[in-house]
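Have a look at the structure below before the remarks.
The values are calculated or read from the model by the stated rules, or taken from the named source; none is laboratory data. Owing to the predicted nature of the structure, the values given are computational and were not obtained by experimental measurement. With ideal geometry, Cβ positions are generated from the backbone for all residues, glycine too; neighbour counts draw on all protein chains shown.
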Amino acid sequence: MFPLRDTNKSKTFPATNWLIIMANIGVFVMQSGLSNEETKILHHTLGVVPANFLSGHPLAAISLLSYQFLHGGFWHLVSNMWFLYIFGDNVEDRMGHTRYFMFYLLSGVSGGLLQILLGQTATSPMIGASGAVAGILGAYLILFPRARVVTFVPIFFLPWFVKIPAVIYLGLYFISQFSNALTGLSMAAGGGIAYWAHVGGFLAGFALVRRFSRRIEIVQFQPPS
């Protein structure tokens, strides 16, 4: 299920969200000019390598921030930025520009720490904004559970466009990430995707949103008629 847009209209211009998106694109463009060997060095230096935290690598702590702006390929970048574009503006609207930026980074750090905790000896670098973006999704679930997500669902090769309640769409997202992490597809188990970072970021966003939001509107979810 691929999200196309949500039904929420932001009341303010999401300046911070756009700056984050542009920063990620800028880093990727810069990275595209590097050779394969230089890119590998960059990822191992500024990406999160769990084993580096055990060895006391001098850049280990910094990598918890820098890894959030590195991506392994075009579609890796596009998928993360698309989710951020759809869901980030409303979260920023509730938090304000500065608090939103701090929340975004903290979600990414939290995701990175969980991935490190569960894969302490891994030597492959973890890169990408997925953990931070997952934190935004966790916050969105709390702030806008009754919003609708216009979703593309291919069924028997036919395009279906369905409005799915955010609580269901994001709940399914979390379940899929947690399930993939448990079944050994995560980097912590030698897989290629840092699913535990997604889980950690989402849980951090879910838990911390009330501290960062200027207001929370408590709503009682009612199943769609």
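When you scan segment 30-42, do you find a residue that is surrounded by fewer than 19 Cβ atoms within 10 Å (Cβ to Cβ), within 27 Å of Gly205 (Cα to Cα) and among the hydrophobic types (A, V, I, L, M, F, W, C), even just one? No - not one qualifying residue is present in segment 30-42. For Ser79, the conditions (1) among the polar types (S, T, N, Q); (2) within 14 Å of the chain's Cα centre (by Cα); (3) surrounded by 18 or more Cβ atoms within 10 Å (Cβ to Cβ) all hold with the exception of (3). On the basis of being farther than 20 Å from Tyr173 by Cβ, in contact (Cβ under 8 Å) with a residue 60 or more places away in the chain, buried (at least 21 other Cβ atoms within 10 Å of the Cβ) and of a type in the set (A, V, I, L, M, F, W, C), does Met95 make the cut? Judged against the criteria, Met95 is a match. Filtering Phe2, Phe13, Phe101 for residues that are modelled with pLDDT under 95 and surrounded by fewer than 19 Cβ atoms within 10 Å (Cβ to Cβ) leaves a single hit, Phe2. Look at (1) closer than 22 Å to Trp75 by Cβ; (2) part of a helix (DSSP H, G or I); (3) out of contact with any His (no Cβ under 8 Å at 6 or more places or on another chain) and you find that Phe178 fails only one, number (1).
If I go through segment 110-135 residue by residue, how many of them are on the phi < 0 side of the Ramachandran plot and buried (at least 21 other Cβ atoms within 10 Å of the Cβ)? Residues that pass the stated criteria total 18. Sub-6 Å Cβ pairs linking a first residue in segment 127-155 that is under 25 Å from Leu65 (Cα atoms) and hydroxyl-bearing (Ser, Thr, Tyr) to a second residue that is modelled with pLDDT of 95 or more and buried (at least 24 other Cβ atoms within 10 Å of the Cβ), at least 6 apart or interchain, are Ser130/His198; Tyr140/Phe87; Tyr140/Val91, ordered by first then second residue.
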